[in-house]
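K.L.:
There's a structure below that I have some questions on.
A short reminder: the numbers here are calculations on the coordinates, not readings from a lab. This is a predicted model, so every value here is computed, not measured. Note that we place each Cβ from the backbone using ideal geometry, even for glycine, and neighbour counts take in every protein chain shown.
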Amino acid sequence: MKLMRHILLFICCFAIACTANDASPNIRQLFNGNNLDGWQIINNGQFSVSDGVLKINRGTGWLRSDDTFDDFILRMEFRFLEDGANSGIFVRTGPTSADDDNGWPNNGYQIQCMDTLSGTPLGHLIPYGAPPFESTSDIEALTRVYKPAGEWHLYEIRAHGETLSVRLNGEIITTATKIENRTGHIGIQGELGLLEFRKIEIEQS
């Protein structure tokens with residue numbers, strides 16, 4: 001009888017441990033707040049770190065993660081330091097760049113990170129040499145959650161198989177399907193703007 005109780009206790013403890021492990025997502029900090037370890041500055045981009053934040057000081061080029069990722073949830077906070085500041089978040093992006101003055105990636109996808117609600121507004125998905133995809137965007141949701149320059153925004157970018165979604169400050173802004181690139185680097189674009197980023201993390205199952 002004692003042996004049976006011990007076996008049952010072991011099974012219960014094992015089940016609880018497995019449940020706890022399943023409930024704990026694999027979250028990794030991509031930006032340590034101190035330096036650019038884990039990243040490479042590509043094509044003379046103007047990226048630096050101070051006061052715990054990643055800064056873009058105009059310039060072009062891009063900042064590329066050392067590692068590549070397939071399915072993930074990417075979260076980051078960012079803010080524009082001037083009206084109209086422009087940047088972008090690259091995902092599932094190859095390591096190579098266009099041979100031009102800007103030197104941006106030539107095989108991936110960009111989530112727009114520009115201080116604008118018109119044209120190609122904040123939160124929209126843009127192809128950068130990657131195969132075509134289908135996407136829809138909610139301008140009304142974007143308008144509701146938009147914050148002016150100087151205030152922090154939160155991006156949550158989810159990539160799973162052929163689908164990708166973009167949440168801004170808790171609202172779904174863009175949903176895309178038929179994404180053909182299934183893995184690649186994460187990057188931050190320099191596009192002649194002044195911006196700051198912090199709390200960059202990735203969650204993988």
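K.L.:
Across the stretch 138-143, in residue order, what do the Karplus-derived ³J(HN,Hα) couplings come to in whole Hz, using 6.51 cos²θ - 1.76 cosθ + 1.60 with θ = phi - 60° and x for Gly and Pro?
P.N.:
10, 5, 5, 5, 4, 4
K.L.:
What is the extension gain from residue 143 to residue 160, computed as 0.36 nm multiplied by their sequence separation minus the C-alpha to C-alpha distance, in nm to one decimal?
P.N.:
On the way: separation 17, 0.36 × 17 = 6.12 nm, distance 2.62 nm.
Once the chain is fully extended between residue 143 and residue 160, it gains 3.5 nm.
K.L.:
Continuing with this model, one more query. Using modelled amide H (1.01 Å from N, peptide plane; none on Pro or chain starts), what sits under 5 Å from the amide H of residue 173, excluding residues fewer than 5 places away?
P.N.:
166, 167, 168
K.L.:
How would you rank 153, 160, 124, going from fewest to most other Cβ atoms within 10 Å of each one's own Cβ? If you can, show how the numbers build up before the last one.
P.N.:
Working: 153 18, 160 14, 124 22.
Final ranking by Cβ density, sparse to dense: 160, 153, 124.
K.L.:
Using label points projected 7 Å from each Cα along Cα→Cβ, tell me how many nm separate residue 34 and residue 48, to one decimal.
P.N.:
Between residue 34 and residue 48, the label points sit 2.0 nm apart.
K.L.:
Using Cβ counts within 10 Å as a stand-in for footprinting exposure, how do 157, 126 rank, fewest first?
P.N.:
Values: 157 23, 126 14.
The fewest-first ordering by Cβ neighbours comes to 126, 157.
K.L.:
Contact order normalised by length for the chain, with contacts defined as Cα pairs under 8 Å and 6 or more residues apart; what percent is it?
P.N.:
Numbers: 520 pairs, mean separation 64.3, N = 205.
Reported as a whole number, the value is 31 percent.
K.L.:
Just one of [x] 12.0; [y] 14.3; [z] 17.5 is mean projected area of the Cα convex hull in nm² calculated from these coordinates, so which is it?
P.N.:
[y]
K.L.:
Evaluate the distance, in nm, between pseudo-label points positioned 7 Å from the Cα of residue 180 and of residue 98 along their respective Cα→Cβ axes.
P.N.:
1.8
K.L.:
What are the ³J(HN,Hα) couplings of the stretch 57-66, residue after residue, when phi is run through the Karplus curve with 6.51, -1.76, 1.60 and θ = phi - 60°? Round to Hz, x for glycine and proline.
P.N.:
So the Karplus estimates, Gly and Pro as x, are 10, 6, x, 10, x, 7, 10, 10, 5, 5 Hz.
K.L.:
Next up: Assuming a ≥ b ≥ c are the square roots of the Cα gyration tensor eigenvalues, decide whether the stretch 94-143 counts as rounded (a/c under 1.5), prolate (otherwise, with a/b larger than b/c) or oblate. Walk me through the numbers on the way to the answer.
P.N.:
On the way: a/c = 3.48, a/b = 1.79, b/c = 1.94.
Because a/c hits 1.5 or more and a/b fails to exceed b/c, the stretch 94-143 counts as oblate.
K.L.:
Taking the beta-carbon count within 10 Å as an exposure proxy, list 115, 138, 99 from fewest neighbours to most. Kindly include the intermediate steps, with their values, before the conclusion.
P.N.:
Values: 115 22, 138 15, 99 8.
The fewest-first ordering by Cβ neighbours comes to 99, 138, 115.
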